[in-house]
Structures are given as structure tokens and as C-alpha cells.
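Written below as C-alpha cells is the structure these notes are about.
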Amino acid sequence: MTSPLELKSAYSPHWCPGCGNYGLLNSLKQAMSQAGIEPHRTVLVSGIGCSGKDPHFVKTYGFEGLHGRVLPVATAVKLANHSLTVIGCSGDGDAYGIGAAHFVHACRRNIGVTYFVHNNQIYGLTTGQTSPTSDKGFASKSTPHGVIEEPFNPLAIAIASGATFVARTFVGEFDHIKQVMTQALKHKGFSLVDIFQPCVTFNPKNTYEWFQKRVYKINDDPRYNTADKNAAFRLVTEHQEKLPIGIFYQESRPTYEDEVTQIQGAPLVEQSLEAIDISKLLTDFM
Amino acid sequence: MKKDLCITIAGEAGQGINVSALFLARAFIRRGLYAFLLTENPNSIKLEHAWCSIRVSQEMIYAQSHEVDILVALDRDSILKHSRELSSGGILVWDGEGIPLEEKDKRADIRYCSVPFESLIKTLGVSPLQRNIVAMGAVLALVGDELSLIKEIIQEQFSRKGNDVVAHNNAALEAGFSHVSKTCQICLGEKLISQNTNRRMFLNGNEAISAGAIKAGCKFIAAYPMTPASSILHFLAAKENDYTIVVKHAEDEIAAMNMAIGANFAGVRAMTATSGGGFCLMTEALGLAAQSETPLVVVLAQRPGPSTGQPTHTSQTELEFALHSSQGEFPRVIIAPGDAQECFFETFNAFNLAERFQVPVIILTDKYLAESYSAQEVFDDKSLRIDRGKLLNQEQLNAAGIYKRYAESSDGVSARALPGMMNGLHVATSYEHDEFGYYLEDLDGVQRMSDKRFAKNQVMANIVPQPRLYGPAKAELTFVAWGSSKNPCLEAMRMLEQDGIPVNFLHYVYLWPFPAQATETMLKNVKKTLIVEGNKTGQLMRLIRTETGIVINESLLVYNGQPIYPIDIYQKVKKALA
């Protein structure tokens, strides 16, 4: 088993002191270790934002692409070589703002990608603008008089779009985050883990204390059934003062890569390119 | 007697015009003749006007003709729109019962051959959709051919739909054929009937590109439908099981391009194909491929813009766009094939170049090239070799010591390791980075990495094929053109030759890195130059001037959405040399 320490890259993180990403990065490495992933058989795909830096700090293969385009890259990596573990790292802007279309389609596609969304309800890297998950009324540089829209509901959208693993956790809950991330990594198909992760520099509202007062763990209740889609949908859509965290919904469904018949024999990347016989193809043009 | 014939079939979209034109042309091809098929479907919506033009000859032909010998008009609108294109002595085939023409509306210099499509179909009890099959029979009678080859094609195409369907089609075919044989004593095609059995292919540019991609080992295509690129997606999707290709119809072009990059990063040869509007959405990711040094092949099939423009027409307006698309500066390759042969071989080469130099390669085509069919000798693919460049295998990687994905090198290309390999861990990134792929903010380093990438440009410039000169070394005038203008230029060159006017033609397939030295050498001593381009601003003309200082003398710029007609070039030359 690869230890979390062995997953540390030669390059050191440089987020703001106290940033929730430090805890998230540690949990990520612990979960990867627990899930038994092999570094050379793992690709961490990220976009742009504070979350986008993750691949630099984890000793696996990494691809740090464009803002919002984590899932198309991750989807293709998985289709090109479905023997790899493919992990996506996004922020709330990356996943739910600019990348929202890809998010919806990845959910319905059930591609084997584990998606960790670092949700701090603010644009941190660009020095503090409102994000799709900022609360209604939240004031920032881009919405000085308060945001007018309702916040984006990633869990409800994921469930409605057909995601097969939908969870939320909080970096302040060390065991919980590690456990949920591990479960997500072990899930077959697309998994979303929305992770509350305070931005200590630009989001004065949603702080560690703010979250600690509100989060409660749904899976502590033995009656909670993660296979009940309607219950999960009710829970993530009803208004409440408290913030539920845990695995909301999980189902077993064939993944996209399971249903692509061309790659059932071997991963696409192992196909030979040499001397491909196209004579039949050319004869058909006659 | 003319040495070649042009047959136009016109009617409403949904009347099977494309199918009948393609079947007819293929029958001529099997006869050992040459053919060129231009399709014009201004709108895919049923009932809108559409037409196809088949030119057929015993000799090699390059392009469509402006003069029509047989016009099959399946509705009144087609008579109004196309009968003026009929050359003197030409024949109008129409349903004289359904569409009575008054004598005063008839042209004195053409012949009229009425085929009662409606009543023939009623008598046979077949579907009104088979008017086009009746029309094929009529045309074959007019050109003095017989029905065996076309029946062979009908059998091949319709047998899986059942014997009834084949029988109905054959009946419709024979009805058209025998009606014309009995009623019109005209035969236009004596000289066409060739005994040559040399079989050729008949295919369009998109099919040739698809075949080239398959041969090159392209195993992944992600695309979003957009005319005129969509048929590449369709073609590869139809072959996905035969050649083990994963085809992803993505949610949008941004996803398509990022998927193509992701698959390439993982070690699979991958491409995307789109038109200008889709390419607009892809440009950010074009730079991602360049910065992360991920190989990438993208087909940009042009149509007239700006914006939605003329979706089903043709243009050559995106050379400058392809050259400058995406922010920042980076090396790229731009290839503009001129015909189906070049579409096949240059697509194969595009995949090699993309991997060898780890750069984005843009294949620049247009509706005219993508959708027009021509006769081609069977592609000789025996000498084609896959070149994956500096792609390491596990043994090489084990021997490499500390692996640096972006190690500096004399040609600017660094060795590639793929996810899944031991000892090759790295980050590929959209940020400026050091040799390992980690963030880089040291200013010297930034400049060094940019120089590293640009080192590829020089090496590529030395190895990519140079523009090719067609025709005599000495000429009164030299055409200069790129991409799909090739065939109209070659055709015009032949027309001028017959008039005793020596012209030659400099054709560019590889447009970037720009072959400045070859351009200077070739254009330095010519008498007069004429640029032929499908755009308003003369984009190659300006590029030549920017790169070499050479000023082109004359220009023929066509930007009405139509392909360039050889006759227009011919007339332009006559005027320029007068």
C-alpha cells in the first residue's frame, strides 16, 4: 500500500496559511492510500482555481488543464485507459460555474471518475468574487450589494442528472472527509464529493466555526438509506438551518466505460497502431 | 460531341437527389470513367431547393463544370433556377404532364425530354420518393448507357432493406429508361462509354480524412456536430467496431476539444473535427495542447461566416484564424489538403507530426472539399509508417534516470511518458512550467521554456513539404492558391493550355510553418502572379507579403459561398493577360 507520505510530491503547497485546501490535500492523500491506489496508475486532473494546484503536490500523474474543463479531460483519460484511476479536482467556480454543463453530462454518463469539488463558496484565486454556491445576499467584490440568485445546488443536480455516488463532507471533520473520499474512490462510476473548505482570506462568512456549528452527519442515523433516491433528493432540496454531510445517494449501475464494447478486450491505449488494414474500407468506396 | 458531360439533378431536399446523383456517379466510375460530384443542399429541411451536379469524363477531371448538358428538374422551381445553366444543345428532363411548359417559355437552343414521373410512379405503384430512381433511368438512357451497373449498386445498397425494395427500385429505373429510349431519340454520351475496367474509388474529402485517420491509428474522436465537419464523426462512428475507435459525441465543442487532448495525454491518438463556430469554442484548448505539449489533431472545415453565416456553403476564410487562434504564442502546424488524395495522406501525416513535435496540428478544409466527391486511384498506403516521436516505452523510461517531461532539447521536443508507466510521473499543465512540469515564475526560465517550444518551429519548417509547382517552369502567369482551390486552378490551367496560354500554379498544402524560402525562390522570377482564394481579404496573399515581402499582382477572390469555378479563373487570366 502506498502511504500518504509517499504520495507527497517534490513541490510544496503554497496556499494561504489556514486555507482549507491543506486539510483537503492531506485527506486526499490519506484516502488514496486507504483506497489502495497505485501512484503510476492514477491521474489527477484539475482545472483552474486554488484547487487546480493539487496535481503539483501529489505524486501521481497529473493534468492541470483549463478553467472548468476538468471533466472532459478526465472522461477522455478514462476512456483512453480505463485501467487507470482518474480523479478530478475542481473548485466551486470550476465545477459549478464555468464547468456546469460538463458536470451535468458527467453525472448522466456515469463515467468512472471521482470528482472532488473544493467548495469554499467564493472565487479565491481571483481575490474574492461571488461563486455559484455563495448564499443569496452574499456581498463580494463582484456583488457588493449582495448576490441576487439562489445558490447552485450541486447535490440535487447530481442526483437529478443520474450520478451514482453523491456525497458532501467538510474539511473540519477529519475522519469523515477521509472516509467519504475513500468510499468515493472505491465507487464504480461517477462520484461527486462536494467538500466544504473555508477560504480564510476572502470568505469571512463561511468559516470553520460557521461550518462546525451547522454540519451534522446523516449516515450516523442507521435509518438513513443511501439507496433511497427520493429521500436523498428531499434531504438535499429542503431548506434547513443545519447542513447535512455524508453519503446521500449511491447506486450500482454499469459505468460508461463498461458499455463501450470496443474497449472490453483491452484498454484503448493498448491497441496497436501498426499496419492497420484498410483495404476493405477503400474497396467500399468503389 | 463534347468530351465530358455534366448532369444536374435538382429538386426539393428529401427527394433523394443526393442518393441518385451518388449512384449515377458511382455507376460511371465502375464503367471506368472519371466523375466529380458537387452537392448543394442549402438547407437540410425537406422541401427546400437542393441540387447535385455530376461531371463525367473519359479523362481525369478536377472540378465541377459551369455548363450543364442534362438537367433533371424534379419540380418547377428547378426549371426556373437551373435551365439557364444548360449549354446549347443540352437537354431538360422534366415531368411535362405535371409541369406543362408553354412554347414561349422554352429555349430554342435546348432540347426537351418529358418524363411523366408522377404517372409512371402511379402505374408502377411505387413510392413517390422513387421519382429520383426513375430519373436515373432516364439519364442513363440519354447518355447511351445500360442498366447493369446501376442495378448492381441498387442491389448492394438496398438488399438489406429487402427484395421488395430492390425490385421496386429496379422497376422505377427501368420505367425511366424505357420511356426515354422510346420517346427521345437523343444520345449524348457515345464517347463516354469506356471499356476501361480500372476500378477507382469515388469519395469525398471527409471520407478521405476519416480513412487517413483510421490508417494513422486514430482511436478516439470527440466531436460536436457542425456542418460541414459532421460526416467525419458519422463515418468514424459507423466504423467504431471494425477499427476499435471510441467515438464520443460530446456535450459541446469545448468538451470535444478537451476530450481529444485528454485522450492524447493518456497515449491514444485522438482528434476532433468542427467548423469555424465550433473552432471558436475550441481555441482556448488549442493553447492548452500547445502549452502542455500534448499532441492534437483538429479538422477545421470552413464555411462562410461571420457567426452562423451560410452553414451549408463553402469558404476559405479561416486561414488567418487558424494561424492566430488562442492566446499567447506557440508553434503549430496548419495543413490545407487540396483534394481527396491529399486529405488521406496529409491526415495520416498530421497524426505523425502531432506526436513527433507534440504540437496541435490543424487540418484546414472547407465544405467544397469535404462534401464533393471525386474519382481517385486507390490510396497506396504501403509506404505509410507510424511515427510516434519521442514516446518512451517502459524499458527506456527505466533507463532514463530522473524523468523530466519538459526536458530541454535541441529540437525542442521532450520525451513523453504515459500514465500507467512506472518512473514517469509528472504534471502536464496549462501554466508555464519548469522541466518537470512544476510552476515556474523565474523570468529567465520562462523565456527559456518558450524558446524550447519554438525550437520545434525551425525543425518543422525544414521537414514539412514545400508548396508544389504544377505546370511548365516558364509561364505567362502563375496561379497561387491553397487548399481546395487546387482543383479549379488545375482545371483552369488545362483550359488555358488548350488556348495556347502557358500558365503554371503554385499550390500550398502546408501553410504553417510558412515556407518563406521556397516561396521566395519560386515567385522571384515569375512574370505575373494571380492569387485564387475563397475569401474577401486575400488571406494567403497577405501572408505571403508578411513573410516574404512579395506582392501578388492579381487576385480572384470568391466569397459568395460557392466554390471557385474554373471558368472564372480562365476568364480572369484572359483579362489579366489582355
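Of the beta bridges DSSP finds with both residues in region B:203-376, what % are antiparallel, to the nearest 5?
Given both bridge residues lie in region B:203-376, the antiparallel proportion sits at roughly 10 percent.
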Among B:475, B:159, B:543 - extreme Cα towards positive end, dipole of chain B, charges at beta-carbon: B:475
Rounded to the nearest 10, the angle in degrees between the Cα long axis of helix B:163-183 and the longest principal axis of the Cα atoms of chain B comes to 50 degrees
Please state the relative contact order of chain B as a whole percent: Cα pairs under 8 Å, 6+ residues apart? 12 percent
Per-residue ³J(HN,Hα) for region B:282-292, Karplus 6.51 cos²θ - 1.76 cosθ + 1.60, θ = phi - 60°, Hz, x for Gly and Pro: 8, 5, 4, 6, 4, x, 4, 4, 5, 5, 7
With +1 on the Cβ of every Lys and Arg and -1 on the Cβ of every Asp and Glu, and nothing else charged, how large is the dipole of the protein assembly as shown about its Cα centre, in debye rounded to the nearest 20? 360 debye
Which residues qualify? For residue B:556, with a placed amide H closer than 5 Å and at least 5 residues away or on another chain, they are B:531, B:532, B:533
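For an R0 of 41 angstrom, estimate the FRET efficiency from the Cβ-Cβ distance between residue A:10 and residue B:240 and round to the nearest 0.05.
Details: r = 41 Å, r/R0 = 1.00.
It comes to 0.50.
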Amide H to amide H, which residues 5 or more places from residue A:88 or on other chains are under 5 Å from it, using H placed in the peptide plane? A:45, A:114, A:115, A:116
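Could you compute the FRET efficiency for residue B:67 and residue B:528, with r as their C-beta to C-beta distance and R0 at 30 Å, rounded to 0.05? Don't jump to the answer; show the numbers that get you there.
Numbers: r = 28 Å, r/R0 = 0.92.
The calculated FRET efficiency here is 0.60.
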Karplus couplings for region A:116-126 from phi (6.51 cos²θ - 1.76 cosθ + 1.60, θ = phi - 60°), rounded to Hz, Gly and Pro as x? 9, 9, 7, 9, 10, 6, 7, 8, x, 4, 9
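Pairs of Cα atoms under 8 Å, at least six residues apart: use those to get the relative contact order of region B:468-577, whole percent.
Working: 177 pairs, mean separation 34.4, N = 110.
In percent, rounded to a whole number, it is 31.
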Give the long-range amide H neighbours of residue B:296: residues separated by 5 or more places, or on another chain, with amide H under 5 Å away, using H modelled in the peptide plane at 1.01 Å from N. B:359, B:361
Rounded to whole Hz, the Karplus (6.51, -1.76, 1.60) HN-Hα couplings of region B:79-85, x for glycine and proline: 5, 5, 7, 10, 5, 5, 6
Report the FRET efficiency, 1/(1 + (r/R0)^6), for residue B:439 and residue A:237, where r is their Cβ-Cβ distance and R0 is 41 Å, rounded to 0.05. 0.55
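With runs of 4+ DSSP H residues as the only contributors, calculate the mean residue ellipticity of chain B at 222 nm using -39,500 (n - 2.57) per run, divided by the residue total and rounded to the nearest 500. Numbers along the way, then the final one.
Working: 19 runs with 221 residues, N = 578.
The helix-only estimate for chain B comes to -12000 deg cm²/dmol at 222 nm.
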Between residue B:187 and residue B:387, what length in nm is gained on full extension when 0.36 nm per residue of separation is reduced by their alpha carbon distance? 66.7 nm
Spatial separation of Cα centroids for region B:343-403 and region A:217-278, in angstrom: 36 Å
Given labels modelled 7 Å from the Cα in the Cβ direction, how far is it in nm from residue B:81 to residue A:135? 6.2 nm
Given the C-alpha centroids of region B:1-64 and region B:525-578, what is the distance between them in whole angstrom? 28 Å
So the angle from the long Cα axis of helix B:253-265 to the longest Cα principal axis of chain B, reported in degrees to the nearest 10, equals 50 degrees
Please give the charge dipole size of chain A, origin at the Cα centre, charges +1 on K and R Cβ atoms and -1 on D and E Cβ atoms. Round to the nearest 20 debye. 480 debye
Tilt of helix B:443-463 relative to the longest C-alpha principal axis of chain B, in degrees (0 to 90, nearest 10)? 40 degrees
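Coordinate-derived values only; no laboratory data. Predicted, not measured: the structure shown is a model, and the values here were computed from it. Every residue, glycine among them, receives a Cβ derived from its backbone with ideal geometry; neighbour counts consider all protein chains shown.
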